[in-house]
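Structure record follows, encoded as structure tokens.
The values are calculated or read from the model by the stated rules, or taken from the named source; none is laboratory data. Quick caveat: nothing in here was measured; it's all calculated off a predicted structure. A quick note on method: Cβ atoms are made from the backbone with ideal geometry, for glycine too, and the neighbour counts reach across all protein chains shown.
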């Protein structure tokens with residue numbers, strides 16, 4: 001067989017397949033568990049649409065837009081409520097396929113809070129002619145909470161001395177936690193845990209201190225050394241939870257003056 005003829009035939013076949021490929025619009029919405037859509041205010045969420053068989057990335061981008069209509073999302077009911085509105089953050093793409101494809105959706109966010117970012121994935125079939133950009137498009141939920149250290153070890157901490165801890169908690173969409181609000185501060189349980197290696201050395205609860213999402217407490221660590229400080233939060237009604245950790249050093253005790 002003439003090698004040039006063979007290569008030309010392969011090129012013609014590839015061109016024929018590409019010519020038969022049909023553009024399929026897809027809209028991906030990433031919604032925070034128990035809350036709203038993840039968009040510009042939190043840096044958006046990364047979206048990857050991947051062909052399951054080949055592993056090829058068919059589309060990739062970041063959700064952009066607002067968090068959506070609060071009443072429409074939080075007061076929705078029925079079997080398939082329409083939560084997405086025209087201003088809700090999403091990633092719009094056009095996928096070229098010429099036959100049904102099993103694809104995997106991979107998301108990560110919120111990108112603006114990398115220490116609290118989490119991943120989720122889902123699979124579904126894409127079929128030529130069956131566009132996926134109306135209604136809720138392809139909506140995927142991300143569980144988790146954003147936790148920021150406000151104060152912890154701003155001054156040297158010595159063994160045996162009480163010091164203050166403070167953190168700010170919010171939903172992945174940036175939605176605020178407030179007393180009696182849509183996301184009620186009374187529904188959240190927050191605590192600080194101190195580990196040396198894998199051993200839990202101390203823990204203390206953090207109580208709601210100020211809106212939005214401020215939780216504070218105090219503790220004294222008995223022994224000097226290097227620790228991991230973990231702030232863990234969860235919603236006692238929905239089970240939604242989040243965690244952040246940081247290195248923490250306790251200095252040797254000093255005599256009182």
Kindly evaluate residue 165 against the criterion of being in contact (Cβ under 8 Å) with a residue 40 or more places away in the chain, touching a strand residue (DSSP E or B) at 6+ places or on another chain (Cβ under 7 Å) and not assigned by TED's automatic domain parsing to the domain that holds residue 217. no
So, first residue at positive phi and modelled with pLDDT under 95 in region 40-65, second residue part of a strand (DSSP E or B) and surrounded by 19 or more Cβ atoms within 10 Å (Cβ to Cβ), Cβ within less than 9 Å, six or more apart or across chains; the pairs are none
How many residues does region 125-156 hold that are buried (at least 20 other Cβ atoms within 10 Å of the Cβ), more than 14 Å from the chain's Cα centre (by Cα) and farther than 20 Å from residue 82 by Cα? 1
Residue by residue through region 220-236, note down the ones that are surrounded by 15 or more Cβ atoms within 10 Å (Cβ to Cβ) and either more than 12 Å from residue 201 (Cα to Cα) or not assigned by TED's automatic domain parsing to the domain that holds residue 203 (or both). 231, 232, 233, 234, 235
Is at least one residue of region 207-223 under 28 Å from the mean Cα position of the chain (by Cα), free of Cβ contacts under 8 Å to residues at least 24 places away in the same chain and farther than 24 Å from residue 112 by Cβ? yes
Would you check which residues across region 65-80 are over 16 Å from residue 138 (Cβ atoms) and surrounded by fewer than 16 Cβ atoms within 10 Å (Cβ to Cβ) and list them? 70, 71, 72, 74, 75, 76, 77, 78, 79
Going through region 107-117 in order, the residues found to be buried (at least 17 other Cβ atoms within 10 Å of the Cβ) and out of contact with any helix residue (DSSP H, G or I) (no Cβ under 9 Å at 6 or more places or on another chain) are 107, 108, 116, 117
